[in-house]
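Following: one structure in structure tokens, then a few remarks.
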Amino acid sequence: MASWAHIHGLAERAGAGDRTAWPELMAALEPKLQVLVRYQKIGRLRSRDEDLRNVVVAVFDKLERRDFEALRRFAAMDGRPSFEAWIRRVLRSVAIDYLRGHAEYRRGDTGSGSNPQWVSLATLSSGDTASLLAAGVSSGLERRREVLAALAATVAACKDVAGHAETIAAVAEKLRLDPLHVRRAAERGPRMQEVVELLFAGHRHDSIADLLGLSRREVELAVKHAEELLVARWRGASSDGDSDDRSDQPDRPDRV
């Protein structure tokens, strides 16, 4: 396992614009995060490997977002803490946000009842009939087709806007999306489509990575970005028509 000093050096390189350092940083930091995430206060989700992986992916997404803005801010901090202490805080914040956004922990009815419930890409690709029926979906195949069509339409609508702030803003307003989603769709939409299509075809993340020449983390980020884009579109369409678990937690590790 890489030392924190080595990881800090990679983070500084990535934050300074060295794109070659990013894959190395992900590979070095992932084992540390996989240990630390098991000590986060996220209730029952802490016992689910898929949710723990999603939290780790969300941390990498936060670090990479807006050309490594988080890493650049860390580098510019006065009296900054160690990178280990800082990344622990980032992980804790991301884990809490993930918990609050998880379907099992949302309070109240956020919809008007007239729109179908969003079903995660993981559930759609797993063929979990019970979960699909619980969400009011009678045909997983039909919903997968709808999701692929919605993703293709959104990517097409965002095509050729990368680098044009005014155009991005206009498309974002029209589609009721955050400009970040529009920029991602313009820059990474085709990859998102390829990954989701293979996911629905029954391929696992490792297999998709091999087929597309990507790392597993790049595949997981593509799935995460596609889901965020689709959820944003779904919520926008829905708006047109219309407890935290306090169980005991283990002590966190002092060192990883």
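Of the residues in region 1-28, how many are aliphatic (A, V, I, L, M), more than 17 Å from the chain's Cα centre (by Cα) and assigned to a helix (DSSP H, G or I)? Residues flagged as aliphatic (A, V, I, L, M), more than 17 Å from the chain's Cα centre (by Cα) and assigned to a helix (DSSP H, G or I) within region 1-28 amount to 9. Here Arg191, Arg176, Arg233 are screened, and the one residue that is surrounded by 15 or more Cβ atoms within 10 Å (Cβ to Cβ) and farther than 19 Å from Glu64 by Cβ is Arg233.
With (1) touching a Gly at 6+ places or on another chain (Cβ under 6 Å); (2) farther than 18 Å from Ala222 by Cβ; (3) of a type outside the set (S, T, N, Q) as the list, and Leu175 as the residue in question, which single condition is left unmet? Just one mismatch for Leu175, condition (1).
Can you confirm whether Val196 is more than 15 Å from Glu227 (Cβ to Cβ) and touching a Leu at 6+ places or on another chain (Cβ under 8 Å)? Against the criterion (more than 15 Å from Glu227 (Cβ to Cβ) and touching a Leu at 6+ places or on another chain (Cβ under 8 Å)), Val196 does not qualify. A residue that is exposed (fewer than 14 other Cβ atoms within 10 Å of the Cβ) and under 20 Å from Glu220 (Cα atoms) occurs somewhere in region 41-48. Hey, any hits in region 13-21 for a residue that's more than 16 Å from Val94 (Cα to Cα), among the β-branched types (Val, Ile, Thr) and either at pLDDT below 95 or outside the structural domain of Ala222 (by TED's automatic domain parsing) (or both)? Yes; the residues of region 13-21 include at least one that is more than 16 Å from Val94 (Cα to Cα), among the β-branched types (Val, Ile, Thr) and either at pLDDT below 95 or outside the structural domain of Ala222 (by TED's automatic domain parsing) (or both). A search for C-beta distances below 7 Å between a residue of region 188-206 that is more than 10 Å from Val223 (Cα to Cα) and any residue that is assigned to a helix (DSSP H, G or I) and among the charged types (D, E, K, R), counting only pairs 6+ apart in sequence or on different chains, returns Phe200/Arg144; Asp206/Arg216. Within region 205-256, if we keep just the residues that are closer than 20 Å to Met192 by Cα and either among the hydroxyl-bearing types (Ser, Thr, Tyr) or assigned by TED's automatic domain parsing to the domain that holds Lys41 (or both), the residue that is modelled with the highest pLDDT turns out to be Ser207. Of all residues in region 183-219, those satisfying the criterion of being over 17 Å from Ser125 (Cα atoms) and either part of a loop (DSSP other than H, G, I, E, B) or of a type in the set (Asp, Glu) (or both) are Glu187, Asp210, Gly213, Leu214, Ser215, Glu218. In the condition set (1) modelled with pLDDT under 95; (2) out of contact with any Lys or Arg (no Cβ under 9 Å at 6 or more places or on another chain); (3) part of a helix (DSSP H, G or I), Arg80 is compliant with all but (3). Could you tell me whether Thr167 is over 17 Å from the mean Cα position of the chain (by Cα), hydroxyl-bearing (Ser, Thr, Tyr), outside the structural domain of Asn54 (by TED's automatic domain parsing) and over 25 Å from Lys62 (Cβ atoms)? For Thr167, the condition - over 17 Å from the mean Cα position of the chain (by Cα), hydroxyl-bearing (Ser, Thr, Tyr), outside the structural domain of Asn54 (by TED's automatic domain parsing) and over 25 Å from Lys62 (Cβ atoms) - is met.
The values are calculated or read from the model by the stated rules, or taken from the named source; none is laboratory data. Predicted model, so just to flag it, every value in this text is computed and none were measured. Cβ coordinates were reconstructed from backbone atoms using ideal geometry, including for glycine residues, and neighbour counts include every protein chain displayed.
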